[in-house]
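The values are calculated or read from the model by the stated rules, or taken from the named source; none is laboratory data. From a predicted model like this one, the values you see are computed outputs, not experimental measurements. Here Cβ is always computed from backbone atoms with ideal geometry, including for glycine, and neighbour counts include all displayed protein chains. Accessible surface is based on the protein model in full, side chains and every heavy atom, while ligands, DNA and RNA are left aside. Shrake-Rupley method; radii C 1.70, N 1.55, O 1.52, S 1.80 Å.
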Amino acid sequence: MRYQTIPNSLFIKNRKKFISKIKDNTIAILTSNDIKHTNADDVMGFAQNNDLFYLCGIDQEETIVVLYPDAYKTENREILFIKETNEHIKIWDGEKLTKEQAFKISGIHRVEWVHDFEKTLQSMAFEADGFYLGHNEHIKRVTHNQQTQQDRWINWCKEKYPLHQYYRAAKITRALRTIKSDEEITLIQKAVDISIKGFHRVLKTVKPNCKEYELEAELTYMLIKNGGTRHAFKPIVASGKNACALHYNTNDSICKEGDMILLDFGVCYGNYNSDTTRCIPVNGKFSKRQKEVYSSVLYCLKKGSQLLKPGILPADYEKQMVTLVEEQLIILGLLQASDIANQDPEKPLYKKYFMHGTAHHLGLDVHDVGLYSQVLKPGMVLTCEPGIYIPEEEIGCRLENDYLITETGNINLTQAMPIEINEIEKLINA
Ligand code: GLY
Ligand code: MN
Ligand code: MN
(Lines give C-alpha, C1' and ligand atoms only; values in the text may rest on other atoms or scores of the structure.)
(Ligands and ions follow the chains in the order given, each with its own letter.)
Protein backbone atom coordinates (compact mmCIF):
# COMPACT_ATOMS: atom_id res chain seq x y z
CA MET A 1 0.00 0.00 0.00
CA ARG A 2 1.16 3.54 -0.63
CA TYR A 3 -0.20 4.73 2.69
CA GLN A 4 1.29 4.02 6.09
CA THR A 5 -0.13 0.99 7.85
CA ILE A 6 -3.33 1.86 9.68
CA PRO A 7 -3.29 0.37 13.21
CA ASN A 8 -5.65 -2.62 13.18
CA SER A 9 -6.96 -1.43 16.55
CA LEU A 10 -9.15 0.91 14.47
CA PHE A 11 -10.86 -1.96 12.63
CA ILE A 12 -11.11 -4.09 15.79
CA LYS A 13 -12.84 -1.14 17.52
CA ASN A 14 -15.12 -0.58 14.53
CA ARG A 15 -16.24 -4.22 14.48
CA LYS A 16 -16.90 -4.12 18.20
CA LYS A 17 -19.12 -1.05 17.75
CA PHE A 18 -20.87 -2.62 14.76
CA ILE A 19 -21.72 -5.93 16.45
CA SER A 20 -23.02 -4.10 19.50
CA LYS A 21 -25.76 -2.72 17.22
CA ILE A 22 -26.91 -5.84 15.39
CA LYS A 23 -29.88 -7.96 16.43
CA ASP A 24 -29.43 -11.22 18.34
CA ASN A 25 -28.38 -14.27 16.35
CA THR A 26 -27.80 -12.53 13.04
CA ILE A 27 -24.91 -12.69 10.57
CA ALA A 28 -23.48 -9.58 8.92
CA ILE A 29 -21.94 -10.09 5.48
CA LEU A 30 -20.02 -7.20 3.93
CA THR A 31 -18.44 -7.48 0.51
CA SER A 32 -15.88 -5.57 -1.52
CA ASN A 33 -16.62 -3.53 -4.64
CA ASP A 34 -16.28 -4.82 -8.17
CA ILE A 35 -13.38 -3.94 -10.37
CA LYS A 36 -15.23 -2.12 -13.14
CA HIS A 37 -14.31 -2.51 -16.80
CA THR A 38 -13.97 0.41 -19.14
CA ASN A 39 -13.52 -1.18 -22.56
CA ALA A 40 -11.85 -4.35 -23.82
CA ASP A 41 -9.67 -5.67 -20.96
CA ASP A 42 -8.99 -2.30 -19.37
CA VAL A 43 -10.31 -1.49 -15.90
CA MET A 44 -11.04 1.56 -13.77
CA GLY A 45 -8.90 2.06 -10.69
CA PHE A 46 -10.13 -0.11 -7.82
CA ALA A 47 -11.94 1.66 -4.98
CA GLN A 48 -12.80 -0.48 -1.98
CA ASN A 49 -16.30 -0.64 -0.56
CA ASN A 50 -16.14 1.79 2.34
CA ASP A 51 -18.33 -0.16 4.79
CA LEU A 52 -16.16 -3.23 4.27
CA PHE A 53 -12.99 -1.15 4.65
CA TYR A 54 -14.35 0.42 7.84
CA LEU A 55 -14.77 -3.03 9.37
CA CYS A 56 -11.53 -4.72 8.26
CA GLY A 57 -9.11 -2.37 6.46
CA ILE A 58 -8.61 -4.78 3.56
CA ASP A 59 -8.01 -2.85 0.35
CA GLN A 60 -8.28 -5.73 -2.10
CA GLU A 61 -11.00 -6.98 -4.45
CA GLU A 62 -13.00 -10.17 -3.79
CA THR A 63 -13.00 -9.72 -0.03
CA ILE A 64 -15.85 -10.67 2.33
CA VAL A 65 -16.23 -10.06 6.05
CA VAL A 66 -18.60 -12.26 8.03
CA LEU A 67 -19.54 -11.28 11.58
CA TYR A 68 -21.69 -13.66 13.63
CA PRO A 69 -21.13 -12.66 17.27
CA ASP A 70 -23.69 -15.16 18.63
CA ALA A 71 -22.20 -18.16 16.80
CA TYR A 72 -21.86 -21.04 19.22
CA LYS A 73 -18.52 -21.99 17.66
CA THR A 74 -16.08 -19.23 18.51
CA GLU A 75 -14.19 -19.66 15.21
CA ASN A 76 -17.36 -18.59 13.34
CA ARG A 77 -17.72 -15.26 15.11
CA GLU A 78 -15.41 -13.31 12.77
CA ILE A 79 -14.21 -14.61 9.42
CA LEU A 80 -12.38 -12.77 6.68
CA PHE A 81 -12.46 -14.22 3.17
CA ILE A 82 -9.83 -13.11 0.67
CA LYS A 83 -8.87 -14.01 -2.87
CA GLU A 84 -6.42 -16.89 -3.14
CA THR A 85 -3.56 -16.07 -5.44
CA ASN A 86 -1.95 -18.39 -8.00
CA GLU A 87 1.00 -18.41 -10.41
CA HIS A 88 -1.01 -16.73 -13.18
CA ILE A 89 -2.12 -13.82 -10.94
CA LYS A 90 1.41 -13.53 -9.56
CA ILE A 91 2.93 -13.28 -13.03
CA TRP A 92 0.41 -10.79 -14.40
CA ASP A 93 -0.72 -8.72 -11.41
CA GLY A 94 1.90 -9.35 -8.72
CA GLU A 95 1.37 -10.20 -5.10
CA LYS A 96 -2.01 -10.50 -3.40
CA LEU A 97 -2.49 -10.58 0.37
CA THR A 98 -1.48 -13.71 2.22
CA LYS A 99 -3.69 -14.93 5.07
CA GLU A 100 -1.06 -13.75 7.55
CA GLN A 101 -0.95 -10.25 6.01
CA ALA A 102 -4.75 -10.05 5.95
CA PHE A 103 -4.84 -11.01 9.65
CA LYS A 104 -2.28 -8.31 10.49
CA ILE A 105 -4.20 -5.60 8.62
CA SER A 106 -7.63 -6.51 9.98
CA GLY A 107 -6.98 -8.16 13.33
CA ILE A 108 -9.34 -10.98 12.24
CA HIS A 109 -7.80 -14.28 13.29
CA ARG A 110 -9.71 -16.60 10.98
CA VAL A 111 -8.85 -15.86 7.34
CA GLU A 112 -10.17 -18.16 4.59
CA TRP A 113 -10.04 -18.17 0.80
CA VAL A 114 -13.07 -16.57 -0.80
CA HIS A 115 -13.90 -19.70 -2.82
CA ASP A 116 -14.73 -21.39 0.50
CA PHE A 117 -17.28 -18.72 1.43
CA GLU A 118 -20.47 -20.49 0.35
CA LYS A 119 -19.78 -23.77 2.07
CA THR A 120 -18.57 -22.01 5.23
CA LEU A 121 -21.68 -19.88 5.36
CA GLN A 122 -23.94 -22.90 4.78
CA SER A 123 -22.90 -24.42 8.08
CA MET A 124 -23.67 -21.17 9.92
CA ALA A 125 -26.76 -19.90 8.13
CA PHE A 126 -29.25 -22.39 9.56
CA GLU A 127 -28.23 -21.50 13.11
CA ALA A 128 -28.91 -17.82 12.46
CA ASP A 129 -32.21 -15.93 12.29
CA GLY A 130 -31.21 -13.25 9.84
CA PHE A 131 -28.62 -11.39 7.80
CA TYR A 132 -27.28 -7.86 7.68
CA LEU A 133 -26.21 -7.03 4.12
CA GLY A 134 -24.51 -4.01 2.59
CA HIS A 135 -26.08 -1.63 0.09
CA ASN A 136 -25.25 1.84 -1.22
CA GLU A 137 -27.83 4.05 0.48
CA HIS A 138 -26.43 7.47 -0.38
CA ILE A 139 -29.27 9.98 -0.25
CA LYS A 140 -28.46 11.74 -3.50
CA ARG A 141 -27.07 10.95 -6.90
CA VAL A 142 -27.05 7.14 -6.55
CA THR A 143 -27.59 5.65 -9.98
CA HIS A 144 -29.61 2.47 -9.80
CA ASN A 145 -28.96 1.35 -13.34
CA GLN A 146 -25.86 -0.64 -12.45
CA GLN A 147 -25.75 -3.84 -10.48
CA THR A 148 -23.12 -3.77 -7.77
CA GLN A 149 -21.48 -6.66 -5.98
CA GLN A 150 -23.70 -5.82 -2.98
CA ASP A 151 -26.81 -6.10 -5.16
CA ARG A 152 -25.67 -9.53 -6.38
CA TRP A 153 -25.09 -10.72 -2.82
CA ILE A 154 -28.52 -9.54 -1.74
CA ASN A 155 -30.10 -11.49 -4.63
CA TRP A 156 -27.96 -14.55 -4.01
CA CYS A 157 -28.60 -14.61 -0.28
CA LYS A 158 -32.34 -14.04 -0.57
CA GLU A 159 -32.66 -16.78 -3.13
CA LYS A 160 -30.66 -19.23 -1.06
CA TYR A 161 -32.13 -18.32 2.35
CA PRO A 162 -35.56 -16.85 1.55
CA LEU A 163 -37.10 -17.25 5.01
CA HIS A 164 -34.37 -15.54 7.02
CA GLN A 165 -34.86 -11.95 8.18
CA TYR A 166 -32.91 -9.28 6.26
CA TYR A 167 -31.51 -6.04 7.70
CA ARG A 168 -29.56 -3.05 6.40
CA ALA A 169 -25.91 -2.95 7.47
CA ALA A 170 -25.72 0.61 6.11
CA LYS A 171 -28.17 1.84 8.73
CA ILE A 172 -25.57 0.92 11.36
CA THR A 173 -22.41 1.92 9.51
CA ARG A 174 -23.78 5.34 8.55
CA ALA A 175 -24.30 6.16 12.23
CA LEU A 176 -20.90 4.82 13.29
CA ARG A 177 -18.94 6.30 10.41
CA THR A 178 -20.08 9.88 11.11
CA ILE A 179 -18.15 9.94 14.40
CA LYS A 180 -14.46 9.76 13.54
CA SER A 181 -11.86 8.06 15.71
CA ASP A 182 -8.47 9.67 16.31
CA GLU A 183 -6.91 7.30 13.73
CA GLU A 184 -9.41 8.45 11.11
CA ILE A 185 -8.83 12.12 11.88
CA THR A 186 -5.09 11.54 11.44
CA LEU A 187 -5.78 10.08 7.98
CA ILE A 188 -8.07 12.95 6.96
CA GLN A 189 -5.44 15.41 8.21
CA LYS A 190 -2.80 13.61 6.12
CA ALA A 191 -5.05 13.95 3.05
CA VAL A 192 -5.50 17.66 3.84
CA ASP A 193 -1.75 18.13 4.26
CA ILE A 194 -1.10 16.64 0.82
CA SER A 195 -3.78 18.94 -0.65
CA ILE A 196 -1.98 21.91 0.90
CA LYS A 197 1.28 20.87 -0.79
CA GLY A 198 -0.59 20.60 -4.10
CA PHE A 199 -2.11 24.05 -3.65
CA HIS A 200 1.34 25.58 -3.06
CA ARG A 201 2.53 24.00 -6.34
CA VAL A 202 -0.45 25.55 -8.12
CA LEU A 203 0.38 28.97 -6.66
CA LYS A 204 3.94 28.64 -7.97
CA THR A 205 2.82 27.51 -11.42
CA VAL A 206 -0.16 29.69 -12.30
CA LYS A 207 0.43 32.38 -14.92
CA PRO A 208 -1.53 33.99 -17.74
CA ASN A 209 -2.24 31.59 -20.62
CA CYS A 210 -1.48 28.42 -18.65
CA LYS A 211 -4.01 25.64 -19.23
CA GLU A 212 -6.39 24.56 -16.50
CA TYR A 213 -5.12 20.98 -16.90
CA GLU A 214 -1.55 22.11 -16.25
CA LEU A 215 -2.68 23.20 -12.79
CA GLU A 216 -4.54 19.90 -12.39
CA ALA A 217 -1.24 18.17 -13.21
CA GLU A 218 0.49 19.99 -10.33
CA LEU A 219 -2.18 18.70 -7.93
CA THR A 220 -1.80 15.19 -9.33
CA TYR A 221 1.98 15.35 -9.05
CA MET A 222 1.93 16.29 -5.38
CA LEU A 223 -0.78 13.79 -4.57
CA ILE A 224 1.14 10.87 -6.07
CA LYS A 225 4.50 12.06 -4.80
CA ASN A 226 3.17 12.12 -1.24
CA GLY A 227 1.53 8.72 -1.17
CA GLY A 228 -2.05 9.71 -1.91
CA THR A 229 -4.09 6.91 -3.47
CA ARG A 230 -6.04 9.04 -5.93
CA HIS A 231 -7.86 12.32 -6.24
CA ALA A 232 -10.81 12.33 -3.84
CA PHE A 233 -12.86 13.31 -6.92
CA LYS A 234 -11.96 14.64 -10.33
CA PRO A 235 -10.44 18.05 -9.54
CA ILE A 236 -12.28 21.16 -10.64
CA VAL A 237 -9.93 23.73 -12.15
CA ALA A 238 -12.31 26.34 -13.49
CA SER A 239 -11.10 29.69 -14.79
CA GLY A 240 -13.31 32.70 -15.48
CA LYS A 241 -16.91 31.82 -16.27
CA ASN A 242 -16.19 28.07 -16.03
CA ALA A 243 -16.29 28.55 -12.26
CA CYS A 244 -20.03 29.16 -12.52
CA ALA A 245 -20.64 25.50 -13.51
CA LEU A 246 -20.57 23.86 -10.10
CA HIS A 247 -19.12 20.52 -11.17
CA TYR A 248 -17.08 21.70 -14.18
CA ASN A 249 -14.11 19.37 -14.52
CA THR A 250 -13.07 19.17 -18.14
CA ASN A 251 -10.25 21.57 -17.15
CA ASP A 252 -9.36 22.23 -20.79
CA SER A 253 -9.56 26.04 -21.05
CA ILE A 254 -6.78 28.59 -21.12
CA CYS A 255 -6.47 30.67 -17.93
CA LYS A 256 -6.73 34.21 -19.25
CA GLU A 257 -5.06 37.31 -17.87
CA GLY A 258 -7.51 38.95 -15.45
CA ASP A 259 -9.53 35.78 -14.76
CA MET A 260 -9.99 34.19 -11.35
CA ILE A 261 -9.64 30.39 -11.11
CA LEU A 262 -11.71 28.22 -8.79
CA LEU A 263 -9.91 25.03 -7.69
CA ASP A 264 -12.01 22.42 -5.87
CA PHE A 265 -9.84 19.42 -5.14
CA GLY A 266 -9.25 16.66 -2.63
CA VAL A 267 -6.84 13.88 -1.85
CA CYS A 268 -7.71 10.32 -0.95
CA TYR A 269 -5.14 8.96 1.52
CA GLY A 270 -5.59 5.53 3.10
CA ASN A 271 -9.16 5.70 1.72
CA TYR A 272 -9.91 8.89 3.73
CA ASN A 273 -10.53 12.16 1.89
CA SER A 274 -9.98 15.87 2.03
CA ASP A 275 -12.19 18.34 0.14
CA THR A 276 -11.04 21.94 -0.27
CA THR A 277 -11.75 24.89 -2.57
CA ARG A 278 -9.65 27.98 -3.22
CA CYS A 279 -9.89 30.81 -5.75
CA ILE A 280 -6.80 32.51 -7.16
CA PRO A 281 -6.10 35.30 -9.65
CA VAL A 282 -4.40 34.14 -12.88
CA ASN A 283 -2.06 37.15 -12.96
CA GLY A 284 -1.31 37.22 -9.24
CA LYS A 285 -3.55 40.17 -8.42
CA PHE A 286 -7.29 40.01 -7.75
CA SER A 287 -9.27 42.70 -9.59
CA LYS A 288 -11.34 45.10 -7.46
CA ARG A 289 -14.54 43.16 -8.18
CA GLN A 290 -12.93 39.75 -7.65
CA LYS A 291 -11.68 41.03 -4.31
CA GLU A 292 -15.17 42.17 -3.35
CA VAL A 293 -16.78 38.85 -4.22
CA TYR A 294 -13.95 36.86 -2.64
CA SER A 295 -14.15 38.91 0.58
CA SER A 296 -17.90 38.29 0.75
CA VAL A 297 -17.46 34.54 0.40
CA LEU A 298 -14.58 34.51 2.88
CA TYR A 299 -16.75 36.42 5.36
CA CYS A 300 -19.51 33.78 4.96
CA LEU A 301 -16.96 30.98 5.44
CA LYS A 302 -15.54 32.55 8.59
CA LYS A 303 -18.94 33.34 10.10
CA GLY A 304 -20.68 30.21 8.82
CA SER A 305 -17.99 27.82 10.03
CA GLN A 306 -18.47 29.14 13.58
CA LEU A 307 -21.96 27.62 13.44
CA LEU A 308 -20.53 24.12 12.99
CA LYS A 309 -20.64 22.93 16.59
CA PRO A 310 -22.41 20.31 18.68
CA GLY A 311 -26.17 20.61 18.86
CA ILE A 312 -26.88 22.46 15.63
CA LEU A 313 -29.19 20.87 13.07
CA PRO A 314 -27.72 20.90 9.55
CA ALA A 315 -30.94 22.50 8.25
CA ASP A 316 -30.59 25.38 10.75
CA TYR A 317 -26.95 25.84 9.81
CA GLU A 318 -27.91 25.99 6.10
CA LYS A 319 -30.64 28.55 6.88
CA GLN A 320 -28.20 30.80 8.72
CA MET A 321 -25.67 30.42 5.91
CA VAL A 322 -28.34 31.57 3.44
CA THR A 323 -28.91 34.70 5.57
CA LEU A 324 -25.17 35.41 5.56
CA VAL A 325 -24.91 34.99 1.78
CA GLU A 326 -28.05 37.10 1.18
CA GLU A 327 -26.50 39.96 3.18
CA GLN A 328 -23.40 39.75 1.02
CA LEU A 329 -25.42 39.61 -2.21
CA ILE A 330 -26.99 42.93 -1.17
CA ILE A 331 -23.59 44.45 -0.35
CA LEU A 332 -22.31 43.29 -3.76
CA GLY A 333 -25.26 45.04 -5.44
CA LEU A 334 -26.65 41.81 -6.85
CA LEU A 335 -29.91 41.79 -4.85
CA GLN A 336 -32.04 44.51 -3.23
CA ALA A 337 -33.18 44.10 0.37
CA SER A 338 -36.67 45.20 -0.66
CA ASP A 339 -36.84 42.50 -3.35
CA ILE A 340 -35.78 39.87 -0.80
CA ALA A 341 -38.47 41.10 1.60
CA ASN A 342 -41.11 40.62 -1.10
CA GLN A 343 -39.75 37.44 -2.70
CA ASP A 344 -41.76 34.26 -3.28
CA PRO A 345 -40.46 31.96 -0.50
CA GLU A 346 -40.75 29.06 -2.94
CA LYS A 347 -38.34 30.81 -5.32
CA PRO A 348 -35.84 32.70 -3.14
CA LEU A 349 -33.78 35.22 -5.09
CA TYR A 350 -30.42 34.19 -3.64
CA LYS A 351 -30.61 30.95 -5.65
CA LYS A 352 -29.65 32.86 -8.77
CA TYR A 353 -26.16 33.37 -7.32
CA PHE A 354 -25.85 30.64 -4.68
CA MET A 355 -27.44 27.31 -5.46
CA HIS A 356 -25.83 24.56 -3.39
CA GLY A 357 -25.62 23.23 0.17
CA THR A 358 -22.67 24.38 2.23
CA ALA A 359 -21.76 21.43 4.44
CA HIS A 360 -21.41 17.69 4.08
CA HIS A 361 -19.83 14.95 6.13
CA LEU A 362 -16.32 13.99 5.04
CA GLY A 363 -14.48 10.73 5.61
CA LEU A 364 -14.25 7.47 3.69
CA ASP A 365 -16.60 9.10 1.19
CA VAL A 366 -16.18 12.69 0.08
CA HIS A 367 -19.91 13.20 0.51
CA ASP A 368 -19.76 10.90 3.49
CA VAL A 369 -22.61 8.95 5.04
CA GLY A 370 -24.66 10.56 7.80
CA LEU A 371 -28.17 11.75 8.41
CA TYR A 372 -28.89 15.43 7.94
CA SER A 373 -31.92 15.13 10.22
CA GLN A 374 -29.61 14.81 13.23
CA VAL A 375 -27.70 17.43 15.16
CA LEU A 376 -23.92 17.73 14.88
CA LYS A 377 -21.85 15.88 17.46
CA PRO A 378 -18.20 15.92 18.54
CA GLY A 379 -16.07 13.72 16.28
CA MET A 380 -17.93 14.56 13.08
CA VAL A 381 -15.94 16.08 10.20
CA LEU A 382 -17.78 18.44 7.86
CA THR A 383 -16.94 20.82 5.09
CA CYS A 384 -18.01 24.44 5.05
CA GLU A 385 -18.27 25.74 1.47
CA PRO A 386 -20.19 28.93 0.70
CA GLY A 387 -20.04 30.31 -2.82
CA ILE A 388 -21.27 33.16 -5.01
CA TYR A 389 -21.55 32.70 -8.79
CA ILE A 390 -22.09 35.62 -11.17
CA PRO A 391 -22.03 34.32 -14.76
CA GLU A 392 -22.69 37.79 -16.24
CA GLU A 393 -19.42 38.97 -14.64
CA GLU A 394 -17.58 35.69 -15.39
CA ILE A 395 -16.83 35.29 -11.68
CA GLY A 396 -17.49 32.16 -9.63
CA CYS A 397 -16.15 32.01 -6.11
CA ARG A 398 -16.37 29.18 -3.59
CA LEU A 399 -14.16 28.66 -0.54
CA GLU A 400 -14.15 25.33 1.25
CA ASN A 401 -12.51 24.15 4.46
CA ASP A 402 -12.81 20.94 6.49
CA TYR A 403 -13.77 21.09 10.19
CA LEU A 404 -13.64 18.60 13.03
CA ILE A 405 -16.51 19.14 15.48
CA THR A 406 -15.26 19.22 19.08
CA GLU A 407 -17.04 19.42 22.46
CA THR A 408 -16.96 23.22 22.36
CA GLY A 409 -16.88 24.15 18.68
CA ASN A 410 -14.63 22.97 15.89
CA ILE A 411 -11.06 22.69 14.67
CA ASN A 412 -10.22 23.80 11.15
CA LEU A 413 -8.21 20.90 9.71
CA THR A 414 -7.42 23.10 6.68
CA GLN A 415 -6.07 26.03 8.70
CA ALA A 416 -2.67 25.78 7.00
CA MET A 417 -4.04 26.16 3.45
CA PRO A 418 -3.57 29.82 2.40
CA ILE A 419 -6.86 31.68 2.08
CA GLU A 420 -6.35 35.40 2.83
CA ILE A 421 -6.21 37.64 -0.25
CA ASN A 422 -2.79 39.15 0.62
CA GLU A 423 -1.33 35.76 1.38
CA ILE A 424 -2.43 34.27 -1.93
CA GLU A 425 -1.22 37.26 -3.96
CA LYS A 426 2.13 37.19 -2.15
CA LEU A 427 2.64 33.48 -2.77
CA ILE A 428 1.81 33.73 -6.49
CA ASN A 429 4.23 36.64 -6.91
CA ALA A 430 7.00 35.18 -4.75
N1 GLY B 1 -16.08 18.82 -4.56
C2 GLY B 1 -17.40 18.52 -4.23
C3 GLY B 1 -17.81 19.23 -3.04
O4 GLY B 1 -17.19 20.19 -2.66
O5 GLY B 1 -18.72 18.84 -2.37
MN1 MN C 1 -15.12 20.40 -2.84
MN1 MN D 1 -17.40 19.66 -0.51
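Observations on the structure shown:
- Backbone N atoms of segment 115-133 closer than 14 Å to the 7 Å Cα→Cβ label point of LYS23 belong to residues 128-133.
- Above 21 Å, the calculated P(r) of segment 253-328 contains 47 percent of its Cα-Cα pairs.
- Among beta bridges from DSSP that stay inside the chain, the antiparallel ones total about 75%.
- The peptide list 302-312, 158-168, put in order of mean Cβ contacts within 10 Å with the highest first, becomes 302-312, 158-168.
- If you model the chain as an ellipsoid using its alpha carbon gyration tensor, with each semi-axis the square root of five times an eigenvalue, the axes come out at 43, 25, 19 Å, biggest first.
- When the solvent-accessible area of the chain is split by element, carbon and sulfur atoms take up 52 percent of it, the probe being 1.4 Å.
- Computed from Cα atoms, the angle from the helix 169-178 axis to the main principal axis of the chain rounds to 50 degrees.
- Relative contact order computed over the chain (Cα-Cα under 8 Å; 6+ residues apart), in percent: 14 percent
- Cubic angstrom per residue, convex hull over Cα atoms of segment 1-155: 145 Å³
- Applied to segment 42-50, the Karplus parametrisation 6.51 cos²θ - 1.76 cosθ + 1.60 on θ = phi - 60° returns per-residue 3J(HN,Hα) values of 8, 10, 7, x, 6, 10, 5, 5, 6 Hz, with x for Gly and Pro.
- Rounded to the nearest whole angstrom, the semi-axes of the ellipsoid equivalent to segment 137-224, taken from the Cα gyration tensor as √(5λ), stand at 42, 19, 10, largest first.
- Accessible area per residue for the chain, computed on protein heavy atoms with a 1.4 Å probe, is 47 Å².
- Compared with the direct C-alpha span, the chain from MET355 to GLN165 gains 64.2 nm at full extension, assuming 0.36 nm per residue.
- Qualifying GluC sites (Glu not before Pro) for segment 36-112 [loop in DSSP, other Cβ within 10 Å: at most 11]: GLU95
- Candidates per GluC sites (Glu not before Pro) in segment 332-430, loop by DSSP, up to 14 other Cβ within 10 Å: GLU346, GLU407, GLU420
- Taking all protein chains as shown and a probe of 1.4 angstrom, TRP153 keeps an accessible surface of around 50 Å².
- Three principal axis lengths of segment 340-430 [C-alpha, angstrom, descending]: 46, 39, 25
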